[in-house]
Amino acid sequence: MQRVGTLLLVLGIGSAFGTWWVNTAGRRVPRPWLLGGGLLLVAAGLATFALSGHLAVFAVAGLVIGLAAAPVFVLSETLLQEGTQARQRGRVFSARDFLMRLVFLMGGTTAGFLTRSEGTRLALLVCAGLVGAAGMTALVWERRVEAHRATPGTRPRG
């Protein structure tokens with residue numbers, strides 16, 4: 001339990017600094033880079049966590065995950081609020097909460113089955129791959145939007 005407590009402490013410190021950074025210097029970073037880059041860093045931290053067996057490496061990975069995940073959470077909330085009309089916010093945030101809980105339950109169940117049958121390492125690597133794919137999607141999506149903006153007379157879809 002002491003090791004888990006240490007890792008949670010380091011993750012919390014990383015999250016605190018990540019939240020502070022995104023609200024200060026991070027405001028100058030383009031949003032797609034914050035979102036996509038943050039998710040890619042979280043994926044790298046999870047993969048490192050999966051492939052190592054040393055507490056010091058776990059702690060560094062936890063710090064990186066905290067630093068990178070906090071801006072992702074702050075940014076996703078901000079984007080959702082900015083992109084939703086005031087009269088629709090209750091419905092949108094209710095749907096978001098429902099989907100977050102549903103994905104959490106499905107992910108936890110899948111991770112449990114995968115961990116039991118294949119081991120912790122593979123479960124963490126699958127999670128890292130999914131988070132990394134989400135990060136790449138955010139970066140690629142922005143490139144598509146920028147390409148549409150650069151072409152006169154077109155509107156970006158989505």
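The values are calculated or read from the model by the stated rules, or taken from the named source; none is laboratory data. Model, not experiment: these values are computed from the prediction. Cβ sites come from the backbone with ideal geometry, for glycine too, and all protein chains shown count toward neighbours.
Have a look at Val42, Val10 and point out the one that is buried (at least 16 other Cβ atoms within 10 Å of the Cβ) and either among the small types (Gly, Ala, Ser) or over 16 Å from Leu125 (Cα atoms) (or both). Spell out the reasoning first.
Details: Val42 fails: either among the small types (Gly, Ala, Ser) or over 16 Å from Leu125 (Cα atoms) (or both).
When all the criteria are applied, what remains is Val10.
The sole residue among Phe104, Phe98 that is under 20 Å from Gly45 (Cα atoms) and surrounded by fewer than 12 Cβ atoms within 10 Å (Cβ to Cβ) is Phe104. If you check Val126, Val74 for being closer than 17 Å to Leu40 by Cα and at pLDDT 90 or above, only one passes: Val126. Here Leu139 meets the list (1) surrounded by fewer than 18 Cβ atoms within 10 Å (Cβ to Cβ); (2) out of contact with any Phe, Trp or Tyr (no Cβ under 8 Å at 6 or more places or on another chain); (3) not hydroxyl-bearing (Ser, Thr, Tyr) almost entirely, failing just condition (2). Here Leu35 meets each of (1) surrounded by 14 or more Cβ atoms within 10 Å (Cβ to Cβ); (2) of a type outside the set (Ser, Thr, Tyr); (3) farther than 18 Å from Ser76 by Cα with one exception, condition (3).
The residues in the range 93-121 that are in contact with a helix residue (DSSP H, G or I) (Cβ under 7 Å, 6 or more places away or on another chain) and free of Cβ contacts under 8 Å to residues at least 40 places away in the same chain can be counted, and the count is 4.
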